[in-house]
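Here the structure comes first, spelled out in structure tokens, and everything after it is commentary.
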Amino acid sequence: MTLPLTFTRREAIGWLAGTFAPLAAHADTPAWQRTLAQARGQTVYFNAWGGAPTINSYIQWAADQVQQQFGVKVVHVKVVDTVDVVKRVRDEKAAGKTEGSVDLVWINGENFSTMKREGLLFGPFAEALPAFANVDVTGKPTTLQDFSEPVHGMEAPWGMAQLTFMADAKRVAQPPRDMAAWLAFAAAHPGRTSYPRPPDFHGMTFLKQMLLDLTPAPERRALYQPCTPEVFVRVTAPLWKTLETLHPQLWRAGKQFPASAAAIRQMMSDGDLLLALTFNPNEAANEIAAQRLAPSTVSFQFSGGTIGNTHFVAIPVNARAQAGAQVFANFLLSPAAQARKADIAIWGDPTVLEVNRMSAAERALFGAKPQAGQLAQTAPALPEPHGSWVRPLEQEWVRRYGV
């Protein structure tokens with residue numbers, strides 16, 4: 001299949017959304033054909049974070065495509081915290097509601113583990129989606145492991161994330177490439193570094209990264225098992241010792257912490273801080289394109305790897321539109337949808353697909369010229385510690401430093 005020569009890349013994605021995606025979705029199996037037939041006319045209430053206009057716009061585009069191609073209406077229910085969605089599904093199930101208010105939810109980590117453990121999920125369904133054939137389960141193993149919890153087909157991968165740092169190359173000639181170098185950098189530039197105040201997600205990710213890097217390899221295995229009080233005290237001891245030395249070297253001597261990664265990014269842009277952090281490897285490029293960061297901003301990761309994970313979509317056990325939810329989840333995995341999502345100008349969320357497995361025309365959708373601020377080289381993604389470590393780590397940090 002040949003693209004018209006006058007198409008821009010973004011026009012091509014839109015055109016392929018109406019060409020390749022239906023072909024992928026119309027897998028010639030009786031089971032999938034039944035799913036498509038059942039889905040037509042259904043309304044899918046997709047509960048997803050609504051705090052970013054770019055993401056909201058992307059979800060609306062995907063909803064329009066699924067409406068046009070499959071007759072499935074998708075309503076974006078904008079949520080602030082997914083834990084509220086989990087509670088709603090739990091309460092509806094406890095009340096005996098067989099047709100709940102949530103058909104699909106954007107989820108990962110502790111929320112997924114909770115829903116899986118409490119029997120709140122429909123499935124397994126993910127690996128039966130036709131578009132799942134292109135998911136990179138080898139190079140991106142977190143598509144099958146959610147915070148060290150096996151997915152077992154109970155949620156479908158949607159996008160990738162990995163701890164990434166940012167700096168203005170005009171101020172920082174040699175960014176730190178491992179945790180030891182980051183700590184040395186903080187000591188050499190007192191008051192010019194910090195991390196978001198836990199329980200902020202980015203702040204907790206930074207603590208988990210530090211914990212992984214400070215834990216010897218044999219002991220590190222414990223971080224991927226359910227946390228127990230005895231093991232927690234032993235394994236985290238080096239973390240608290242390191243923080244006691246680090247905090248006086250941070251912004252405001254570690255007596256205060258910025259509220260979020262966005263606040264730190266702005267402080268870096270203003271010149272107050274020298275380093276920022278994000279969980280989207282393309283965020284610096286996005287911010288440069290939006291003229292909120294200097295073009296000299298660079299992204300980097302630790303050479304030995306940084307924490308990475310996959311975010312997913314899942315279907316509650318009592319969803320009214322289970323077929324429609326599967327059709328929408330399948331479309332979100334299509335090359336056209338994944339390429340549009342990865343576009344810096346649209347969202348910049350990295351794909352879960354193995355691009356080399358696709359046709360030449362589909363691969364071309366992902367071949368955009370690198371933008372200023374994008375990573376020059378991606379480091380290995382380190383799996384998240386088991387989700388049970390998050391709460392005690394947060395509580396202990398707050399106990400020690402939260403006043």
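The values are calculated or read from the model by the stated rules, or taken from the named source; none is laboratory data. What you see is a predicted model; the values in this text were computed from it and never measured. Methodologically, a virtual Cβ is constructed for each residue, glycine included, from the backbone with ideal geometry; neighbour enumeration extends over all protein chains shown.
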Fill in the blank from the handout: Residues of the stretch 75-133 being among the small types (Gly, Ala, Ser), within 15 Å of Ala314 (Cα to Cα) and surrounded by fewer than 22 Cβ atoms within 10 Å (Cβ to Cβ), in sequence order, are Gly100, Ser101, Gly109, Ser113, Gly119, Gly123, Ala128
Exercise for the section: With a cut-off of at least 2 residues that are under 16 Å from Pro157 (Cα atoms), name the strands (runs of 3 or more DSSP E) lying wholly within the stretch 266-345. Expected result: 306-314
Exercise for the section: Consider Glu155 carefully, then state whether it is of a type in the set (Asp, Glu) and at pLDDT 95 or above. Expected result: yes
Practice task
Output the residues belonging to the stretch 223-255 that are within 15 Å of Pro190 (Cβ to Cβ) and not in a helix (DSSP H, G or I).
Solution key: Leu250, Lys255
Practice task
Return the only residue of Arg357, Arg340, Arg399 being modelled with pLDDT of 90 or more, surrounded by fewer than 21 Cβ atoms within 10 Å (Cβ to Cβ) and of a type in the set (D, E, K, R).
Solution key: Arg399
Problem - Exclusive hit being over 28 Å from Val151 (Cβ atoms) and under 18 Å from the mean Cα position of the chain (by Cα), set Phe300, Phe312, Phe279 - result: Phe300
Exercise for the section: Could you tell me which of the residues Gly119, Gly123 is part of a loop (DSSP other than H, G, I, E, B), more than 22 Å from the chain's Cα centre (by Cα), at positive phi and in contact (Cβ under 8 Å) with a residue 60 or more places away in the chain? Expected result: Gly119
Exercise for the section: Might you let me know whether the stretch 367-389 holds any residue that is modelled with pLDDT of 85 or more, at negative phi and assigned to a helix (DSSP H, G or I)? Expected result: yes
Fill in the blank from the handout: Asn47: passes all of (1) touching a His at 6+ places or on another chain (Cβ under 9 Å); (2) free of Cβ contacts under 8 Å to residues at least 12 places away in the same chain; (3) of a type in the set (S, T, N, Q) but (2)
Practice task
For Ala181, work out the one condition from (1) more than 27 Å from Gln266 (Cβ to Cβ); (2) out of contact with any Ser or Thr (no Cβ under 6 Å at 6 or more places or on another chain) it doesn't fulfil.
Solution key: (1)
Completion exercise
For the stretch 21-41, pairs from a residue that is modelled with pLDDT under 95 to a residue that is among the polar types (S, T, N, Q) and part of a loop (DSSP other than H, G, I, E, B), with Cβ under 6 Å and 6 or more apart or across chains, are Ala21/Ser334; Ala24/Ser334
Exercise for the section: Would you please name the residue that is farthest from Asn111 (Cα to Cα), looking only at residues in the stretch 50-64 that are touching a strand residue (DSSP E or B) at 6+ places or on another chain (Cβ under 6 Å) and either free of Cβ contacts under 8 Å to residues at least 24 places away in the same chain or buried (at least 19 other Cβ atoms within 10 Å of the Cβ) (or both)? Expected result: Ala63
Exercise for the section: Of the numbered conditions (1) under 20 Å from Ala339 (Cα atoms); (2) surrounded by 19 or more Cβ atoms within 10 Å (Cβ to Cβ), Gln67 fails exactly one; give the number of that condition. Expected result: (2)
Exercise for the section: Scan the stretch 270-302 residue by residue and report those that are β-branched (Val, Ile, Thr) and in contact with a Ser or Thr (Cβ under 9 Å, 6 or more places away or on another chain). Expected result: Thr278, Ile288, Thr297
